[in-house]
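Chemist: Sharing a structure below in structure tokens format, with a few things to ask.
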Amino acid sequence: MIKNILYFLTLLAMPSTKIPQTEITNGLIHATIYLPDAKNSYYQGVRFDWSGNMSSLEYSGHTYFGQWFSKYSPRIHDVIMGPVEDFTPLDYSETKKGESFIKIGVGVLYKQDEKPYDFSRYYEILNPGKWSVKKNPDKVLFVHDLQDKIYSYHYEKTVQLIKDKPELVLTHSLKNTGNHVIETSVYDHNFFVIDKYPIGPGLVVRFPFNLKYDKNGPEVVGWGEMGEIKDNQISFLRTIGNGEFVECPVIEGYGPTSKDYEIRIENRITGAGVRITCDQPFFKLAFWACHTTLCPEPYIKIKVESGKEITWTIRYEFYTLNK
């Protein structure tokens, strides 16, 4: 109880104004989803795909997503919740100062200088494309159409709760409607806030393979002090404090097929668990956690020829543990 109170004290109130949102349920799971809108969206940053921002998901008395950050403004890059996705920008390094580049699910952005791409910066949106949303009781279809001089696409993402199952499915399609090949990667940040429990002992992340990483690699932070990577599991040696984090930008050990894209996250104190799978193999795997959220970050590769379409699906199966 004390830990949960401390968790709430680290967070500031969410915006009180009405923002576009909807709720979905299948009788087992209930979720609240914010909707994209160029002027009124809860999230107006340029890091993450604007579709699928999930402020809450509840199953069997447990909560899985929610506010994890302490400061809110709609253009802050990471004021976002749920299983949100981030596409690598198209041709940023080849784009000259004063020209534009594209982030799928965001739009056409302005490159104001020659500095390397920085996901925490705000880049002016020159063309947000066109969003459309179709709402149903158990699912939401997001459609983003973008027309630009170099790249154009039709992107669809469906957030759906499966009938009679404790399961959430993210179904994606990306059709290349332009004349140039679209080649990028996308990862799911997975901002888990399980039962609002601070990240520490009792929270475990497991994979179907033994994890390998460079302990002395750049940006490797906090392992051996706050967190531990051992065999096929990530666990925590102590509670991560406010302002602290653990990070490993490159984790290896997985094979070339989608069978290794299986992530289990369990809160063994509250008894909540989730299994994540995908029909695509890992392109890259990273991990990050702070006091309020833990985030396995699986990347997949995207390549779509002109006139072609690619699809991929991510599944979340929620379950409870015997404590």
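The values are calculated or read from the model by the stated rules, or taken from the named source; none is laboratory data. Just so it is clear, the model here is predicted, and its values are computed rather than measured. Quick reminder, even Gly has a Cβ in these numbers, built from the backbone with ideal geometry, and neighbours come from all protein chains shown. For accessibility, only protein heavy atoms count, side chains too; no ligands or nucleic acids. Shrake-Rupley method; radii C 1.70, N 1.55, O 1.52, S 1.80 Å.
Chemist: Among (1) open to solvent by 20 Å² or more (accessible area, probe 1.4 Å); (2) in contact with a strand residue (DSSP E or B) (Cβ under 8 Å, 6 or more places away or on another chain); (3) over 14 Å from residue 49 (Cα atoms), which single condition is residue 97 missing?
Modeler: Among (1) open to solvent by 20 Å² or more (accessible area, probe 1.4 Å); (2) in contact with a strand residue (DSSP E or B) (Cβ under 8 Å, 6 or more places away or on another chain); (3) over 14 Å from residue 49 (Cα atoms), residue 97 violates only (2).
Chemist: Where residues in the stretch 173-197 are open to solvent by 10 Å² or more (accessible area, probe 1.4 Å) and either in contact with a His (Cβ under 6 Å, 6 or more places away or on another chain) or of a type in the set (Phe, Trp, Tyr) (or both), which of them is nearest to residue 155 (Cα to Cα)?
Modeler: If we take residues in the stretch 173-197 being open to solvent by 10 Å² or more (accessible area, probe 1.4 Å) and either in contact with a His (Cβ under 6 Å, 6 or more places away or on another chain) or of a type in the set (Phe, Trp, Tyr) (or both), then 175 is nearest to residue 155 (Cα to Cα).
Chemist: Scan the stretch 14-65 for residues that are of a type in the set (D, E, K, R), farther than 23 Å from residue 269 by Cβ and in contact (Cβ under 8 Å) with a residue 12 or more places away in the chain and report the count.
Modeler: 3
Chemist: Hey, among the residues in the stretch 117-140 that are in a loop (DSSP other than H, G, I, E, B) and within 30 Å of residue 162 (Cβ to Cβ), which one's most open to solvent (accessible area, probe 1.4 Å)?
Modeler: Here the residue is 137.
Chemist: I'd like to verify a number: residues in the stretch 59-93 that are of a type in the set (Phe, Trp, Tyr), under 17 Å from residue 192 (Cβ atoms) and crowded, with 21+ Cβ neighbours inside 10 Å, how many?
Modeler: Here the count works out to 4.
Chemist: Still on this structure, please answer the following. For the stretch 269-306, which residues satisfy the criterion of being open to solvent by less than 50 Å² (accessible area, probe 1.4 Å), in a loop (DSSP other than H, G, I, E, B) and touching a residue at least 60 places away in the same chain (Cβ under 8 Å)? Explain how you work it out, then say what you get.
Modeler: Step one: filter the stretch 269-306 for residues open to solvent by less than 50 Å² (accessible area, probe 1.4 Å), giving 270-274, 276-278, 280-282, 285-287, 289-300, 302, 304.
Of the ones still in play, those that are also in a loop (DSSP other than H, G, I, E, B) are 270-271, 280-282, 291-293.
Answer for the stretch 269-306, where residues must be open to solvent by less than 50 Å² (accessible area, probe 1.4 Å), in a loop (DSSP other than H, G, I, E, B) and touching a residue at least 60 places away in the same chain (Cβ under 8 Å): 270, 271, 291, 292, 293.
Chemist: Another question, if that's okay. State which residue pairs qualify: first residue at positive phi and inside the stretch 155-183, second residue aliphatic (A, V, I, L, M) and part of a loop (DSSP other than H, G, I, E, B) in any location, beta carbons under 8 Å apart, and separation of 6 or more residues or different chains.
Modeler: Hits for this filter: 164/28.
Chemist: Looking at 185, 235, can you tell me which residue is outside any loop (DSSP other than H, G, I, E, B) and in contact with an Asp or Glu (Cβ under 8 Å, 6 or more places away or on another chain)?
Modeler: 235
Chemist: Considering only the stretch 166-181, state which residues are outside any loop (DSSP other than H, G, I, E, B) and not small (Gly, Ala, Ser).
Modeler: So the first thing to find is which residues in the stretch 166-181 are outside any loop (DSSP other than H, G, I, E, B), and the list is 167-176.
Selection gives 167, 168, 169, 170, 171, 172, 174, 175, 176.
Chemist: Please go through the stretch 191-227 and pick out each residue that is in a strand (DSSP E or B) and either without any contact (Cβ under 8 Å) to a residue 40 or more places away in the chain or among the charged types (D, E, K, R) (or both).
Modeler: 206, 212, 221, 223
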